[in-house]
Amino acid sequence: MFTGIISHTGKIKKISKNNKNCLLKIYSKMKFSKKEIGDSLSCSGTCLTLEATFRNVYKFYLSKETLKRTNFKYAKKGDIVNLEKSLKFGKRLSGHFVQAHVDLTSDVKGIKIIGKSWLIKFKLPSKYMKYLVKKGSITINGVSLTIANIFNNTFTISIIPHTLKLTNLILLKKGDHVNIEFDILGKYIRNFIK
């Protein structure tokens, strides 16, 4: 479980993909101890298990399912990844409850700069629009955000300068692919009602 509040990023040092799986190595100034090997980490909103550490390089394994469902299928060496360690009980909770279980990827349809903030529009298949609530929570590349507006098969997010500064969202451009996780509470409620 995570919160979607990002304090560190990392850079992909190596990524080896084939049809069945993927090996990923990320360089970051975020610190891990040997005791944390086996822990879950949110990597741009994808829950991955830390397999090994060597200095500031961290190794992860991605299954075929993870590659299929996330934007790591498009990832390449040098890409920036948002990083978050799992939530510790007793700590202050910002953001919202995030599982880092990516529901799907979405394309950036446009970016409008308003003052120092960015208004970003994303496209979704119509069958997923039911999971969106205006002013509700959504996770994009692991970042906890609030939905500003909802349109036909699109929605917008307003991102403040502080969030842009700390995350890989500042690197987004039209056509880029992002990881989307809908609010877990909304998904459960919708499932029970159904």
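Computed from the coordinates by the stated procedures, all read-outs in this text should not be read as laboratory data. In this text, all values refer to a predicted model and were calculated from it rather than measured experimentally.
Odds and ends about this structure:
- Counted over the range 104-193 with a bin width of 10 Å, the fraction of Cα pairs per bin, in whole percents, is 16, 55, 24, 5, 0.
- Over the chain: helical MRE at 222 nm, DSSP H runs n ≥ 4 each giving -39500 (n - 2.57), nearest 500: -3000 deg cm²/dmol
- Separation of alpha-carbon centers, the range 39-98 and the range 109-135, rounded to whole Å: 23 Å
- For the range 8-85, the C-alpha radius of gyration sits at 0.99 times the compact-globule guess of 2.2 N^0.38 Å, with N the residue count.
- Amide H within-cut-off set for Gly45, under 5 Å, with H built and near neighbours excluded: Gly142
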